[in-house]
Amino acid sequence: MPLIALGINHRTASLDVRERVAFAPDQMILSLQQGRDASGADNLAILSTCNRTELYATGSVDHSALLAWLEDHHHLPANALDSSYYVLKDDKAVQHMMKVASGLDSMVLGEPQILGQMKSSYAVAQKAGTADGLLSQVFQGVFATAKRVRSETAIGQNPVSVAYAAVSLAQRIFSAMKEVTALLIGAGETVELLARHLREQGVGDIIVANRTLARAQEMAEIFSAEAILLADIPAYLHRADIVISSTASQLPILGKGAVESALKQRKHRPIFMVDIAVPRDIEPQVAQLDDVYLYTVDDLKEVIEANLRHREDAAGQAEAIIEQGVGNWQNQLRGQQAVGTIRAFRDNVGALRDVELDKALASIAQGQSAEQVLRQLAHGLTNKFLHVPTTRLKRAGEQGDSDYIRWTHDLFDLPATAEVAPAINPQEAGRQESTATAGDANTDVNTRDEQ
């Protein structure tokens, strides 16, 4: 099975490296098509999140070609990712994809967002025309297994995610959340989850800033918040005690100068900031300012690890389900190997049937009785269908190939009593062989006559 999964993630690469290989959503279709063509893959899908960038490819493609394209696409020096990337093939690649989709490979064990992100990556690859055939079948198997993990285990029942970890960290700093104003930058799924967690913890006010005001207003209606544009952030920043940002912007949204101005207006009351985005939304230099506490996704690890214990038991159950999923995929793949043989068998039998049917129709046209024609048709079909199998079975018996006979017995669901032939003496064997030979000869003659 020519399947490759190549990527980097939060375990193998720092945030600096991960953000350099992140893909812009609005360029993903073009990137997929270029990556497929440049690497020689039959099909290609790309999963790009804050914690990982992974390429899934099928066909006669070497991982070095994928790696070279990834580095070239992001204008990285050759071999820049040598110490960061991993590559898995065939069944190991399928297993890895199932773990990723189930949240077992996430920074937050069992986090639910990754399944939606993987489904989105598949949908975009379909739109780009780079996810047909085998890769499409792989994704369907991955999604089916991930659904089982979600429904049959408690892996996602505890509210543990990067968003939850960010809110938990904020609670450690602000004891009275009802007096806190939170500015959320972005309006995607992660920000919506942040807003929900903040409301559950009783935050005072929420401001949602987004590139499009309409989407910010949708979020604002759900969570009783204010909606503003990204361009309006400098005018509202001084009100924010908590700033959490998660956008797909390729450039920083908050710079050091804007934060300095906000701090002056706040009379240096501290601001707690969490930058979940990759690439980062908040310039790293902001962390140098007094009265600013800036955290990135990597800084959330300590909070996240404390919450993992709630899901460890469920993770073991999930691993067992994934092993079953890989087994089911292997069975499906093996089953597909018989498709060509089944098609050829049906075509062959169909061709024999058509020959006999044409002869029967011709006989009817010549005035033969229907009963006689049907008897000839049944006799001819029987001879044609059984001639090669009986010849091969006889040869297997002469060569002592009991496995061949046993498999045939199972293939045609023959009665158990027919599997063992009764013992016979040499004279009877000679007479039976003569009879069988004559019968075969008659069958051959009939076959030749009917052809």
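The values are calculated or read from the model by the stated rules, or taken from the named source; none is laboratory data. Since this is a predicted model, take the numbers as computed values, not measurements. Cβ atoms come from the backbone with ideal geometry, glycine included; neighbour counts cover every protein chain shown.
When you scan region 321-345, how many residues do you find that are under 25 Å from residue 101 (Cα atoms) and either touching a Ser or Thr at 6+ places or on another chain (Cβ under 9 Å) or of a type in the set (Val, Ile, Thr) (or both)? It would help to see each step written out before you state the result.
At the first step, the residues of region 321-345 found to be under 25 Å from residue 101 (Cα atoms) are 321-336.
Okay, now just the ones that are also either touching a Ser or Thr at 6+ places or on another chain (Cβ under 9 Å) or of a type in the set (Val, Ile, Thr) (or both), so 321-322, 324-326, 328-329.
The qualifying residues number 7.
Looking only at residues that are under 10 Å from the mean Cα position of the chain (by Cα) and surrounded by 19 or more Cβ atoms within 10 Å (Cβ to Cβ) in region 103-129, which one is farthest from residue 5 (Cα to Cα)?
By that ranking, first place goes to 115.
Hey, any hits in region 250-268 for a residue that's within 13 Å of residue 166 (Cα to Cα) and hydroxyl-bearing (Ser, Thr, Tyr)?
The answer is no; no qualifying residue exists.
Criterion first (at pLDDT below 95, outside the structural domain of residue 251 (by TED's automatic domain parsing) and surrounded by fewer than 22 Cβ atoms within 10 Å (Cβ to Cβ)) does residue 14 satisfy it?
Criteria met by residue 14.
Kindly check whether there is at least one residue in region 33-49 that is over 30 Å from residue 336 (Cα atoms), buried (at least 17 other Cβ atoms within 10 Å of the Cβ), over 15 Å from the mean Cα position of the chain (by Cα) and of a type in the set (Lys, Arg).
Checked against the condition, which is being over 30 Å from residue 336 (Cα atoms), buried (at least 17 other Cβ atoms within 10 Å of the Cβ), over 15 Å from the mean Cα position of the chain (by Cα) and of a type in the set (Lys, Arg), region 33-49 yields no hits at all.
From 349, 339, which residue is within 44 Å of the chain's Cα centre (by Cα), exposed (fewer than 10 other Cβ atoms within 10 Å of the Cβ) and either hydrophobic (A, V, I, L, M, F, W, C) or at positive phi (or both)?
339
Listed here are the residues, each with its yes/no results for (1) modelled with pLDDT of 85 or more; (2) under 45 Å from the mean Cα position of the chain (by Cα); (3) of a type in the set (Gly, Ala, Ser); (4) in the same structural domain as residue 346 (by TED's automatic domain parsing).
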{"residue": "364", "(1), (2), (3), (4)": "yes, no, no, yes"}
{"residue": "371", "(1), (2), (3), (4)": "yes, no, no, yes"}
{"residue": "374", "(1), (2), (3), (4)": "yes, no, no, yes"}
{"residue": "378", "(1), (2), (3), (4)": "yes, no, yes, yes"}
{"residue": "384", "(1), (2), (3), (4)": "yes, no, no, yes"}
{"residue": "387", "(1), (2), (3), (4)": "yes, no, no, yes"}
{"residue": "391", "(1), (2), (3), (4)": "yes, no, no, yes"}
{"residue": "399", "(1), (2), (3), (4)": "yes, no, no, yes"}
{"residue": "405", "(1), (2), (3), (4)": "no, yes, no, yes"}
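Looking at 239, 199, which is the one that is charged (D, E, K, R) and in contact with a strand residue (DSSP E or B) (Cβ under 6 Å, 6 or more places away or on another chain)?
Details: 199 fails: in contact with a strand residue (DSSP E or B) (Cβ under 6 Å, 6 or more places away or on another chain).
Every option except 239 fails the conditions.
Consider region 54-113. How many of its residues are assigned to a helix (DSSP H, G or I) and within 25 Å of residue 303 (Cβ to Cβ)? Before the answer, list the steps.
Taking region 54-113 first, the residues assigned to a helix (DSSP H, G or I) are 63-73, 90-102, 113.
With within 25 Å of residue 303 (Cβ to Cβ) added as a condition, the list becomes 99-102, 113.
So the count comes out to 5.
Criterion first (part of a helix (DSSP H, G or I) and modelled with pLDDT under 95) does residue 29 satisfy it?
In short, no.
For region 256-270, how many residues are more than 21 Å from residue 169 (Cα to Cα) and outside any helix (DSSP H, G or I)?
So the count comes out to 2.
Could you say whether any residue in region 271-282 is over 22 Å from residue 168 (Cα atoms) and exposed (fewer than 14 other Cβ atoms within 10 Å of the Cβ)?
So the first thing to find is which residues in region 271-282 are over 22 Å from residue 168 (Cα atoms), and the list is 279.
This time we only want the ones that are exposed (fewer than 14 other Cβ atoms within 10 Å of the Cβ), so: none.
Within region 271-282 (the criterion being over 22 Å from residue 168 (Cα atoms) and exposed (fewer than 14 other Cβ atoms within 10 Å of the Cβ)), the answer is no, since none of the residues qualifies.
Which pairs turn up if I take residues in region 89-105 that are hydroxyl-bearing (Ser, Thr, Tyr) and look for partners that are surrounded by 24 or more Cβ atoms within 10 Å (Cβ to Cβ) and part of a loop (DSSP other than H, G, I, E, B) with beta carbon separation below 8 Å, at least 6 apart in sequence or on another chain?
102/110; 102/155
In region 183-207, which residues are aliphatic (A, V, I, L, M) and in contact with an Asp or Glu (Cβ under 7 Å, 6 or more places away or on another chain)?
Once the filter is applied, which keeps residues that are aliphatic (A, V, I, L, M) and in contact with an Asp or Glu (Cβ under 7 Å, 6 or more places away or on another chain), region 183-207 yields 185, 207.
When you scan region 149-167, do you find a residue that is among the hydrophobic types (A, V, I, L, M, F, W, C) and at pLDDT 95 or above, even just one?
Within region 149-167, not a single residue is among the hydrophobic types (A, V, I, L, M, F, W, C) and at pLDDT 95 or above.
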